[in-house]
Amino acid sequence: MLNSIYKREDIRGTFHEVLDYKVVEWRDGHVLMELEVKPEHRDQENFIHDGILSSLIDIAGFLGGDWSPDGPGRSVTVNLNISFINDSKVETIIAIGKRTQNTEKLQFTKVDVLEKETKKLLATGQCTYKILSPDTKDSPGVSRRY
């Protein structure tokens, strides 16, 4: 189990780095992430943008189901079902991802995104990922642009 903030080295120069989330807890079947909301994470009315919530759900779903002592495994999102419950203007939100089921080739997780202080539910998601073998170089179904 990871008790301190886990810094992912594999995200430099990616959208993950733009989000700038922290993995606070990470163990088999569970992840707790935290995001300090920045101005670029907000919409025109200063609410947290639903795209930010969606991204956190996808990432927390992946990490919540795919723990290993060596870091995250490889998978690709095949289904993401999100319900937006409340809007918010708070400064800090959390995402809690939990594995609900694994098969040989698929991983299923549930994620809640909440205000950190009040625990008000902002969004919830059901996620499905195709598990890739460790030696997979490219994500299937994703074409490369050169």
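The values are calculated or read from the model by the stated rules, or taken from the named source; none is laboratory data. Keep in mind the model is a prediction, meaning the values are calculated, not measured. Cβ atoms come from the backbone with ideal geometry, glycine included; neighbour counts cover every protein chain shown.
For the stretch 100-111, a tally of residues being assigned to a strand (DSSP E or B) and over 10 Å from the mean Cα position of the chain (by Cα) returns 8.
Restricted to the stretch 8-25, and to residues that are in a loop (DSSP other than H, G, I, E, B) and farther than 21 Å from ARG99 by Cα, which residue is modelled with the highest pLDDT? Explain how you work it out, then say what you get.
In the first step, residues of the stretch 8-25 are kept if they are in a loop (DSSP other than H, G, I, E, B); the result is 8, 12-14, 20-21.
Subset that is farther than 21 Å from ARG99 by Cα: 12-14, 20.
Numbers: ARG12: 75, GLY13: 77, THR14: 79, ASP20: 88.
Among them, the one singled out is ASP20.
Applying the set (1) outside any loop (DSSP other than H, G, I, E, B); (2) under 17 Å from LEU132 (Cα atoms) to GLY73 leaves exactly one unmet item: (1). From the list LYS120, LYS110, LYS105, LYS116, the lone residue that is in contact with a Lys or Arg (Cβ under 8 Å, 6 or more places away or on another chain), at pLDDT 95 or above and either surrounded by fewer than 16 Cβ atoms within 10 Å (Cβ to Cβ) or among the charged types (D, E, K, R) (or both) is LYS110. Among the residues of the stretch 26-62, the ones that are over 29 Å from GLN101 (Cβ atoms) and assigned to a helix (DSSP H, G or I) come to 3 in all.
If a residue has to be assigned to a loop (DSSP other than H, G, I, E, B), within 12 Å of GLU34 (Cα to Cα) and either among the small types (Gly, Ala, Ser) or in contact with a Phe, Trp or Tyr (Cβ under 6 Å, 6 or more places away or on another chain) (or both) to count, how many in the stretch 84-99 make the cut? Outline the logic, then answer.
Within the stretch 84-99, the subset assigned to a loop (DSSP other than H, G, I, E, B) is 85-91.
Imposing the further condition that a residue be within 12 Å of GLU34 (Cα to Cα) reduces the set to 91.
Checking the rest, the ones that are also either among the small types (Gly, Ala, Ser) or in contact with a Phe, Trp or Tyr (Cβ under 6 Å, 6 or more places away or on another chain) (or both) come to none.
Summing the residues that are assigned to a loop (DSSP other than H, G, I, E, B), within 12 Å of GLU34 (Cα to Cα) and either among the small types (Gly, Ala, Ser) or in contact with a Phe, Trp or Tyr (Cβ under 6 Å, 6 or more places away or on another chain) (or both) in the stretch 84-99 gives 0.
In the stretch 101-117, which residues are β-branched (Val, Ile, Thr), over 21 Å from PRO39 (Cβ atoms) and in contact (Cβ under 8 Å) with a residue 24 or more places away in the chain? Before the answer, list the steps.
Going through the stretch 101-117, the residues β-branched (Val, Ile, Thr) turn out to be 103, 109, 111, 113.
Right, trim to over 21 Å from PRO39 (Cβ atoms) and you get 103, 109, 111.
Of everything in the stretch 101-117, those that are β-branched (Val, Ile, Thr), over 21 Å from PRO39 (Cβ atoms) and in contact (Cβ under 8 Å) with a residue 24 or more places away in the chain turn out to be THR109, VAL111.
Would it be correct to say that GLU25 is in contact (Cβ under 8 Å) with a residue 40 or more places away in the chain and under 19 Å from GLU115 (Cα atoms)? In short, no. Only one of the numbered conditions (1) surrounded by fewer than 17 Cβ atoms within 10 Å (Cβ to Cβ); (2) modelled with pLDDT under 80; (3) within 21 Å of TYR21 (Cβ to Cβ) is not met by SER83, and that is (2).
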